[in-house]
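Scroll down for the structure; my scribbles are underneath it.
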Amino acid sequence: METAIRPENLTQQYLVTHIPPDGTLTKTKVIGPAGAADMIRQYFFDIGSLSVKVDKVSP
């Protein structure tokens, strides 16, 4: 049995818990490509976040 490739299968919703440079704990929802958790984590570090946790959100 084949799995159809549909747009909803290619995207994933993530909940990013991070501490930006101002020190305020912040939660941000991000929709990105499936398997992009490491890329999203790196982006938040690149913009200066002090701590980053990325969780997948179940559909």
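Every number in this text was worked out from the coordinates using simple rules, so none of it is lab data. Since the model is a prediction, treat every value here as computed from it, not as a measurement. Cβ coordinates were reconstructed from backbone atoms using ideal geometry, including for glycine residues, and neighbour counts include every protein chain displayed.
Here the 3J(HN,Hα) profile of the range 40-45, calculated from phi with Karplus coefficients 6.51, -1.76 and 1.60 at θ = phi - 60°, is 5, 4, 4, 4, 5, 5 Hz, Gly and Pro shown as x.
May I ask which residue of VAL52, THR11, LEU25 lies farthest towards the positive end of the charge dipole of the range 7-57, with charges of +1 (Lys, Arg) and -1 (Asp, Glu) on Cβ and the Cα centre as origin? Value: LEU25.
Where the alpha-carbon atoms of the range 7-57 are placed on the principal axes, they occupy 36, 17, 11 Å, in descending order. Remark: spin-label model distance LYS53-THR28 equals 1.7 nm, labels positioned 7 Å along the Cα→Cβ axis. Between PHE45 and LEU15, the modelled labels are 2.3 nm apart [label points 7 Å from Cα along Cα→Cβ]. The 3J(HN,Hα) values that the Karplus relation (6.51, -1.76, 1.60; θ = phi - 60°) gives for the range 22-32 are, in residue order, 6, x, 8, 4, 10, 10, 10, 8, 10, 9, x Hz. Gly and Pro appear as x.
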